[in-house]
Amino acid sequence: MDAHLSAAAERRFPGGMRVEARFGIPDPGFSVTVLFGPSGSGKTTALRLLAGLERADAGAIAWGGTVWADAAKGLHLPPQARNLGFLSQTYDLFPHLSLAANLAYGLSERPLAERRTRVAELVALLDLEGLEDRHPAQLSGGQRQRVALGRALARHPSLLLLDEPLSALDRPAQLRLRRELRDLLRRLDVPTVLVTHDRAEALQLGDRLVVMDGGRVCQEGPIQRVFDRPTDPAVARILGVETVVLGRVVDVSEGLATLAVGEGQARIHAPDPGSLGTRAYVCIRGEDVLVERGEPGPSTARNRLRGCIRALHPEGPLVRLTLDAGFPLESLVTRQACADLGLAEGEPVTALLKASAIHLIPHD
Amino acid sequence: MDWEAIRLSLRLAALTTLALLALGLPLAYWLAFTRRRWKFLVEAVVALPLVLPPTVLGFYLLVAMGSRSPLGQAWTALTGHPLAFSFEGLLAASILYSLPFTVQPFAAAFAAVDRGLMEASWCLGVSRGRTFLRVVVPLSWAGILTGMVLSFAHTLGEFGVVLMVGGDLPGRTRTVSIAVFDQVQALDYAAAGRTALLLLGVSFTVLALVYGLRRAQRKPWTLI
């Protein structure tokens, strides 16, 4: 691969746990690569491998023309030599230094005038005016996050590494800062690798997605393609596709596949992804499943599945329905719709699904 | 009052503290952050003076510094006088004897510094050495002060090692604690009482200072 960043390194821990950083960043301009996966999947370790805070026990990492690490040659460039901006989950601001001193910390070799200018720039960029003399303990969570980001940006890093940059903030601040963060990164034109376990955060901030599970990279690619076309069921589950169920391929014709799913008569129609064998995983997102009461009327939806409601779980303005349609099927509907239709446990319903909303993952 | 002995003791304690600061900082840093498997052996060696009878430590030091040992011979060749029963010999012995009193508080204070802060510093391009000076030291000043005060007070009060290595030469190796011993031997209880009271006062003051500091370990930058 001719990527600007190419990482194919592995860290081995005592006890057998292995974590790999295996992905690339195509070019040195702005892009956000999201390392996504459940907690414990090795995202942070992968990020630390890039930072040089963990030593690769196997494999190599190269940035542009520079080899950052090569286990075979015993090569390991320390973090100091990689020109990175690294932001940890806890921000790690220096408690004994003022906000301005924190921002200027990495600039100690530059002349005083340059240091002052840069700090003033960062203070303006991150909207921290008037707080220069405060210590981290006197700042709010959002302010600390911005200081930490500013400190990481101070030296004009060629790569920015952000470990759950918003997780220490309260929910409203997270939502507000997501958009701000992406706009800011775009303006700075720095490639960024960002770790998160929040699907919405990944979708909103990322351009490219690297899905990790159990220390392995399961899939990598442009974010929408990975979300729409997960290559294996584990990825689908990690990405939060609610229904992932194994089906038997009964028919493939004119680009449309028909699968028998579950114990009963349920049939699923979905676009043929090609190379379908005898079995495939059917991936269905909750928001794509419409629910009607009684018998289905005429509709363009190719899939009409009869079933009944097994459980209802309110989730904010939405209600998550678990249907029994011959297989467990999850549907996400609004609270209002739920009330209007008088949906309750045990009620018979029909689930409507457009074929195009269903994604098949071959499995043989 | 044996002012000569007091001066000597203070000089010895001050020099020991300075030497231990220079020696103890890197050693404690290594102990606090190394991942070497044999670290425990070094820890045990550093802690030895805590449990070893001073006479045992003094005996080995005496043998090591004696005129027949390579070290003793090299020292004599270099300086013209023997190492044993000299102030320099006493200083070397004091440094070893007070090592755990300095290194352990240092290492405990360093280990309490969040590793994330050091990593943040490294990622900002700052070397490990500069990170130590700019992040670790300012954040563990209380522990460093404790270690220095303890080594000073401990050196002031040592007796067994001094007697073994230094003997009892006025102006060269007779420290305050030895002076008390001499005064009691000479049945001069009044003088012994005065000297003892002085040592008691100094030691108490120093320890009260340390524990007071520990109590007030509130970091000066957290004002609220």
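What follows is calculated from the coordinates using simple rules that are stated; it is not laboratory data. What you see is a predicted model, and the numbers here were worked out from it, not measured in a lab. Neighbour counts run over all protein chains shown; Cβ positions are idealised from the backbone, glycine included.
Given a Förster radius of 45 Å and the C-beta distance between A:Ala72 and B:Ser203 as r, what FRET efficiency does 1/(1 + (r/R0)^6) yield to the nearest 0.05? Please report the intermediate quantities before stating the final value.
Values: r = 59 Å, r/R0 = 1.31.
After rounding to 0.05, the efficiency reads 0.15.
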Task: Whether chain B is rounded, prolate or oblate, judged on the alpha carbon gyration tensor where a/c under 1.5 counts as rounded - done: oblate
Task: Rounded to whole Hz, the Karplus (6.51, -1.76, 1.60) HN-Hα couplings of the range B:184-201, x for glycine and proline - done: 5, 4, 7, 6, 8, 5, 5, 5, 4, x, 5, 4, 4, 4, 4, 4, 4, x
- [ ] Using R₀ = 30 Å, calculate the FRET efficiency as 1/(1 + (r/R₀)^6) where r is the Cβ-Cβ separation of A:Ala81 and A:Arg110; round to 0.05.
- [x] 0.95
- [ ] Please average, across the residues of A:221-227, the number of beta carbons from any other chain that are within 10 Å of each residue's own beta carbon, and give a whole number.
- [x] 0
TODO: Describe numerically, in nm with one decimal, the distance between label points set 7 Å from Cα along Cα→Cβ at B:Ala77 and at B:Arg11.
DONE: 2.8
Open item on the list: Skipping prolines and chain starts, which residues have an amide H placed within reach, meaning under 5 Å, of the one on A:Gly64, given they are 5 or more residues away or on another chain?
Closed with: A:Leu5, A:Ser6
- [ ] Using every pair of alpha-carbon atoms in the protein assembly as shown, split the distances into 20 Å bins beginning at 0 and state the percent of pairs per bin, rounded to integers.
- [x] 16, 34, 27, 15, 7, 1
Open item on the list: Of the candidates A:Pro233, A:Pro172, A:Pro136, which one comes out as most mobile in a Gaussian network treatment of chain A with C-alpha springs shorter than 10 Å?
Closed with: A:Pro172
Task: Residue-averaged beta-carbon neighbours from other chains (10 angstrom radius) around A:85-97 - done: 5
- [ ] Using a 10 Å cut-off on Cβ to Cβ distances, tally the other chain neighbours for every residue of B:129-142 and report the average as a whole number.
- [x] 2
Task: Computed helical MRE - 222 nm, chain A, DSSP H runs ≥ 4 contributing -39500 (n - 2.57), nearest 500 - done: -6500 deg cm²/dmol
- [ ] Starting at the first residue of the range A:202-209, write each ³J(HN,Hα) from the Karplus equation 6.51 cos²θ - 1.76 cosθ + 1.60 with θ = phi - 60°, in whole Hz, x for Gly and Pro.
- [x] 4, 5, 6, 9, x, 9, 10, 10
- [ ] Please build a GNM for chain B, connecting alpha carbons under 10 Å apart, and tell me which residue among B:Val210, B:Val63, B:Val162 fluctuates the most.
- [x] B:Val63
Open item on the list: Starting from 0.36 nm per residue, how many nanometres of slack lie between B:Val63 and B:Ala44 once their C-alpha separation is accounted for?
Closed with: 4.6 nm
Task: Candidates B:Ala142, B:Ala47, B:Ala112, ranked by Gaussian network fluctuation over chain B, Cα under 10 Å, top entry - done: B:Ala112
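If we sort B:194-205, A:301-312 on the protection proxy, mean other Cβ atoms within 10 Å, highest first, what's the order? Let's see the in-between values first.
Details: B:194-205: 14.7, A:301-312: 18.0.
The packing order, highest mean first, is A:301-312, B:194-205.
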- [ ] Name the residues whose placed amide hydrogens come within less than 5 Å of the amide hydrogen of A:Asp272, ignoring near sequence neighbours (fewer than 5 apart) on the same chain.
- [x] A:Leu256, A:Ala257
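By its C-alpha gyration tensor, with a ≥ b ≥ c as the square roots of the eigenvalues, how is the range B:143-201 shaped: rounded for a/c under 1.5, else prolate for a/b larger than b/c, else oblate? All intermediate terms of the calculation are to be shown ahead of the outcome.
Details: a/c = 3.14, a/b = 1.53, b/c = 2.06.
Cα axes put the range B:143-201 in the oblate bin.
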